[in-house]
1. Scan the range 23-46 residue by residue and report those that are farther than 15 Å from residue 60 by Cβ and touching a helix residue (DSSP H, G or I) at 6+ places or on another chain (Cβ under 8 Å).
2. Six or more apart or on different chains, Cβ atoms under 6 Å: show the pairs whose first residue is in the range 89-117 and more than 18 Å from residue 128 (Cβ to Cβ) and whose second is aliphatic (A, V, I, L, M) and surrounded by fewer than 16 Cβ atoms within 10 Å (Cβ to Cβ).
3. Please note which helices (runs of 4 or more DSSP H) are completely contained in the range 1-114 and include at least 3 residues that are buried (at least 16 other Cβ atoms within 10 Å of the Cβ) and either within 11 Å of the chain's Cα centre (by Cα) or in the same structural domain as residue 126 (by TED's automatic domain parsing) (or both).
4. Regarding the range 43-57, can at least one residue be identified that is hydroxyl-bearing (Ser, Thr, Tyr) and within 30 Å of residue 119 (Cβ to Cβ)?
5. Hey, any hits in the range 34-43 for a residue that's closer than 30 Å to residue 6 by Cα, basic (Lys, Arg) and in contact (Cβ under 8 Å) with a residue 12 or more places away in the chain?
6. Has the range 101-117 got any residue that is farther than 30 Å from residue 2 by Cβ and touching a Leu at 6+ places or on another chain (Cβ under 7 Å)?
Amino acid sequence: DGQALKFASAQLQADREIVLEAVVQSRHRAECAFAHAADALKRDRAFVIEAIRTSWRAFIHAADELKRDRDFVLAAIAVDCDALSCVADDLTGDRGFVLEAVQKCSRALQYVAGDFKSDREIVLQAVQA
């Protein structure tokens, strides 16, 4: 059970193999085991992307600086579009970002600011993705 990670020592909560296996085991649960990973892993771009491949919910627990990083967020939604559901409003309200996001994943349109859902160019990009 991936939720066992919350009871593991700090050293093991920083162990990449153990954390990734915990994410795999908890991938269908509302609470992702990644919540209990060491902060260093939550800041590790490559590791967070790897965790998102298993469960988009890992993105919820990524370091805040990653969730505000445009390039990282675009990489994350290229892996799993649902990661966009918990991105900062300043990104989902940025037209340039939204255009890039819908090019990577047409479902991104469901997570963007309302005005963009009426933007012809953005919707066209989404339907062509």
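1. Scanning the range 23-46 gives 24, 25, 38, 45.
2. Every condition considered, the pairs that remain are 92/113; 93/113.
3. 45-54, 70-79, 95-104
4. No, there is no match, as no residue in the range 43-57 is hydroxyl-bearing (Ser, Thr, Tyr) and within 30 Å of residue 119 (Cβ to Cβ).
5. Within the range 34-43, one or more residues are closer than 30 Å to residue 6 by Cα, basic (Lys, Arg) and in contact (Cβ under 8 Å) with a residue 12 or more places away in the chain.
6. yes
The values are calculated or read from the model by the stated rules, or taken from the named source; none is laboratory data. Keep in mind that this is a model prediction, so the values were computed, not measured. Note: ideal-geometry Cβ built from the backbone for every residue, glycine included; neighbour counts use all protein chains shown.
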